[in-house]
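What follows draws every value from the coordinates through simple rules; no lab data is involved. A quick note: this is a predicted structure, and the numbers were derived from the prediction, not measured. Reconstructed Cβ throughout: ideal geometry from the backbone, glycine too, with neighbour counts over all protein chains shown.
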Amino acid sequence: MSEDSNPAATPTPCQDIQGDGRWMSLHNRFVSDSKGKEPDVLFVGDSLVQLLHEFEVWRKLFSPLHALNFGVGGDATQHVLWRLMNGELDHISPKVVVLWVGTNNHGHTPGQICGGIMAIINVVHQKLPRAHTLVLGLLPRGKSPNPLRERNASVNAVVQAEVVSLSHVSFLDMDPGFIHSDGSIAHQDMYDYLHLTPQAYQRVCQPLHERIKSLLDKHAP
Amino acid sequence: MNPAAQPLPVQDVQGDARWISQHERFVQECKDAEPDVLFIGDSMIQLMQQHEVWKDLFSPLHALNFGLAGDTTCNVLWRIQNGELQNIQPKVVVLWVGTNNHQHTAEQVSGGVTAITQILISQLPRAKIIVLGLLPRGEHQNPMREKNAEVNELLRLSVPRLGPAQFLDVSAEFVQSDGSISKHDMFDFLHLTAAGYQTLSKPLHDLLLQTLEETTAAK
């Protein structure tokens with residue numbers, strides 16, 4: 001799918017409708033904060049990445065890996081794409097880029113969302129040719145079965161197929177089994193049926209931490 | 001007619017019905033729980049429950065958290081009129097809402113908050129209400145800070161006149177000498193970090209304890 005016809009793959013900054021300039025402040029912060037830092041791991045994506053930084057699990061599992069967090073709540077693939085093309089990768093050389101985005105791409109098809117994710121992967125590869133990109137699977141959402149769960153599962157399937165042949169990319173399914181046998185998601189795992197509680201973050205981050213460590217170990221010096 | 005004082009549910013635009021699911025859960029919690037304190041509002045209330053400060057300071061007070069991210073005064077009004085006050089007799093209600101009322105003027109927002117407070121007072125005649133002031137937002141000075149400050153100035157005057165209600169504003173704690181807000185307090189220049197919640201919770205917890213003591217003494 002060409003980037004011109006795919007809104008999910010067209011770099012787009014967030015418009016400041018509310019009037020407090022927060023999105024641009026965050027982007028500028030990321031660009032300036034990254035000068036002088038030497039992260040081995042960069043996390044980039046939406047609120048699921050951003051909120052990860054606010055809980056103990058970040059300090060325990062990811063700070064020790066020298067990780068930076070460029071998550072922004074509400075971001076869809078086109079927003080992350082714009083940020084990475086406009087400075088957030090310019091001053092750092094992480095070995096691993098962890099990408100978690102797509103659940104906010106409302107109105108886009110799974111094919112379009114996958115196109116957005118692939119566009120991000122390509123930009124990362126252009127700017128950081130020696131980095132490995134780890135794409136995280138989208139989680140199910142909503143208390144009960146609903147179309148967004150199907151959409152997210154489709155995105156995961158399409159992305160997984162697309163990256164299987166790329167040596168500089170891998171995919172990690174992040175769902176430890178949040179959906180119960182009755183089809184429901186518990187608020188103890190997702191307090192608003194979208195965002196993770198600290199205990200749910202602990203659960204999903206163990207395998208993530210292991211995968212990142214093994215990628216770092218494999219990375220050529 | 002104040003648009004910020006009209007009860008309105010949130011429409012499920014995205015397709016996963018999360019708003020109504022959370023509301024239904026809160027209604028169910030009213031059937032099972034006997035809270036002494038009810039926290040209600042937007043994401044500023046909701047996120048509090050995900051941090052240690054909730055377990056340390058507010059859970060022990062037998063508190064329920066009916067915070068819902070994105071809510072305006074209209075949405076909270078709708079929720080309290082559609083089951084979220086049923087079967088409970090909290091001694092104190094902590095209300096924090098208004099920062100998401102983007103379509104409304106400061107006067108309208110203030111009117112929405114006082115409308116909620118009035119309903120709480122009439123539905124829970126033995127409860128005291130603590131209304132929290134809107135925090136500043138955005139990394140630097142901007143029109144939303146001015147608006148939120150104006151809402152606070154109006155509430156400072158109107159809330160105490162409603163009766164068993166108090167206004168608590170901790171905004172000053174969050175603006176640094178150069179006028180900026182630190183990411184250490186608000187990770188996205190709107191939502192509080194764990195440290196930010198610590199700063200907010202000290203005066204709030206003190207006021208809560210004091211207020212709870214008063215309700216006990218009054219018996």
Phi-based couplings in Hz for the range A:126-131 (Karplus 6.51, -1.76, 1.60; Gly and Pro marked x)
5, 7, 10, x, 9, 8
Quick one: putting +1 on the C-beta of Lys and Arg, -1 on the C-beta of Asp and Glu, what dipole do you get for the protein assembly as shown around its Cα centre, in Debye to the nearest 20?
300
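If you place +1 on the Cβ of every Lys and Arg, -1 on the Cβ of every Asp and Glu, and leave all else neutral, what size is the dipole of the range B:1-87 about its Cα centre, to the nearest 20 Debye?
The calculated dipole for the range B:1-87 is roughly 160 debye.
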Taking the dipole of the range B:3-218 about the Cα centre (Lys, Arg +1; Asp, Glu -1; charges at Cβ), the one of B:155, B:217, B:133 that reaches farthest to the positive side is B:217
Enumerate the calculated ³J(HN,Hα) couplings along the range A:88-96 in order (Karplus 6.51 cos²θ - 1.76 cosθ + 1.60, θ = phi - 60°), each rounded to whole Hz, writing x wherever the residue is Gly or Pro.
6, 10, 6, 10, 10, 10, x, 7, 10
Relative contact order of the range B:1-131: what whole-number percent is it, with Cα pairs under 8 angstrom and at least 6 residues apart?
34
Could you state the principal axis extents of the C-alpha atoms in the protein assembly as shown, from the largest down, to the nearest angstrom?
71, 53, 41
Could you tell me the distance between the Cα centroids of the range A:140-155 and the range B:164-219, to the nearest Å?
37
How many angstrom lie between the C-alpha centres of the range A:105-134 and the range B:4-37?
36
Scan around residue B:135 for amide H atoms under 5 Å from its own, H built in the peptide plane at 1.01 Å from N, and keep only partners 5 or more places away or cross-chain.
none
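Once you sort the root eigenvalues of the Cα gyration tensor of the range B:3-218 as a ≥ b ≥ c, which label holds: rounded (a/c under 1.5), prolate (a/b larger than b/c) or oblate (the other case)?
Judged from the Cα gyration tensor, the range B:3-218 comes out rounded (a/c under 1.5).
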Which percent, nearest 5, of DSSP beta bridges in chain A are antiparallel?
10
Computed magnitude of the charge dipole of the range B:3-218 (debye, nearest 20; Cβ of K, R +1, Cβ of D, E -1):
360
Please report the antiparallel percentage of DSSP beta bridges with both residues in the range B:3-218, rounded to the nearest 5.
5
What number, in percent, do you get for the relative contact order of chain B if the mean sequence gap of Cα pairs under 8 Å and at least 6 apart is divided by its residue count?
20
Defining a contact as two alpha carbons under 8 Å apart and six or more residues distant in sequence, what relative contact order in percent does chain A show?
21
Within a 10 angstrom radius of the beta carbon, how do B:193, B:117 rank from fewest other beta carbons to most?
B:193, B:117
The range A:113-205: trypsin sites (Lys or Arg not before Pro) in DSSP loop, at most 16 other beta carbons within 10 Å:
A:130
Amide H of residue B:129 versus every other amide H placed in the peptide plane: which residues, excluding those fewer than 5 positions away on the same chain, fall under 5 Å?
B:93, B:165, B:166
Separation of alpha-carbon centers, the range A:160-219 and the range A:1-48, rounded to whole Å
22
What are the residues whose amide H is under 5 Å from the amide H of residue A:98, where those residues sit 5 or more places off or on another chain and H is modelled from the backbone?
A:42, A:43, A:44, A:134
Along the range B:180-186, what does the Karplus equation 6.51 cos²θ - 1.76 cosθ + 1.60 (θ = phi - 60°) give for ³J(HN,Hα), rounded to whole Hz, x for Gly and Pro?
8, 9, 8, 5, 6, 9, 10
For chain A, rounded, prolate or oblate, judged on the Cα gyration tensor with a ≥ b ≥ c (square roots of eigenvalues), a/c < 1.5 rounded, else prolate if a/b > b/c?
rounded
